[in-house]
Amino acid sequence: MSLGLLSALLAALLTGSATVLQAVGARRAAAGHRAGDAAALTGALRQWPFLLGIGMDMLGFAAELVALERLPLYEVEAVLASALAVTAVGASRVLRVRLRRSEWTGVAAVCAGLCVLALTAGRDGSGRGDTAMRVGVLLVAVVLTVAGWLVVRFAGRRRAPLLGLVAGLQFGVVGVAVRVLPEPRLPQLLAEPSAYAIAVAGLGGFAALTWAMQSGSVTAATAAMVLGETLGPAVVGVLVLGDHTRHDATPLAVAGFATAVIGALTLARFGDAEQPAAAPAH
């Protein structure tokens, strides 16, 4: 197994586990606050499970960077979709969410689809994007940040999955921005739009995911996040950056990708079985 694939799998394990820990901390901090309040966000930063989850996310991001240097963008993002399976299993243990047979089927579908993708992936494309694309990535990050704020204010009962989707799209922007980022050298980096896109999208995605976990089902939010994080960069990688599969393996790659996404959608349903959160620990 290649270093790139191992790094992507490690990133998925770390980020999936981090989501569960962050959910524990975010829910403790949300007591007495309305989801979307600044106090609910800053309060989460005082909870040790949440801070531990952030540390694991950072390690996962480092592993993702290693993977992005060695694998096509669509494959890295698809492997990261397995973080949803990790979150599902972790939530069943830590948050006392019951997994039904259909949800275990979803976990298996995600894993099977990712295995097919791993077998069919070719080299990543040579495309690095031009200045217009790098500026566009930054603009998308800003627009998504505004969209997250609007969801917090106006989405109502659908807030959790919509915020999860916004977070996923933001994290997908991070992946694309890293891919098109020129060689990081100062002082040129200070004028590089994609560098700012990484910062804006990373912070915006972090806030959106935290508020999503405080607003409703952790798994529904995570499923929406995974879909947003996977689909957007995959399309950009194939259509713009020249990523491709092995010769004559495109149908298998499409089937594997579709299987992983269908499994993710199946897992999104088990938020309905989530039990009420326990009272915050003091």
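A few comments on the model shown:
- Ranked order, Met213, Met56 - accessible area, probe 1.4 Å, largest first: Met56, Met213
- Here the extension length gained between Leu186 and Asp130 equals 18.2 nm, from 0.36 nm per residue of separation less the Cα-Cα distance.
- The 1.4 Å probe gives accessible areas that order Arg27, Arg100, largest first, as Arg100, Arg27.
- Between Leu203 and Glu69, the contour length at 0.36 nm per residue exceeds the Cα-Cα span by 46.0 nm.
- Each 10 Å bin from zero holds the following percent of Cα-Cα pairs in region 165-240: 21, 43, 26, 9, 1.
- Surface calculation, 1.4 Å probe, protein heavy atoms: Met58 sits at approximately 130 Å² accessible.
- Accessible-area order (highest first, 1.4 angstrom probe) of the listed residues Asp130, Asp248, Asp57: Asp248, Asp130, Asp57
The values are calculated or read from the model by the stated rules, or taken from the named source; none is laboratory data. Computed from a predicted structure; not experimentally measured. Accessible surface is based on the protein model in full, side chains and every heavy atom, while ligands, DNA and RNA are left aside. Shrake-Rupley method; radii C 1.70, N 1.55, O 1.52, S 1.80 Å.
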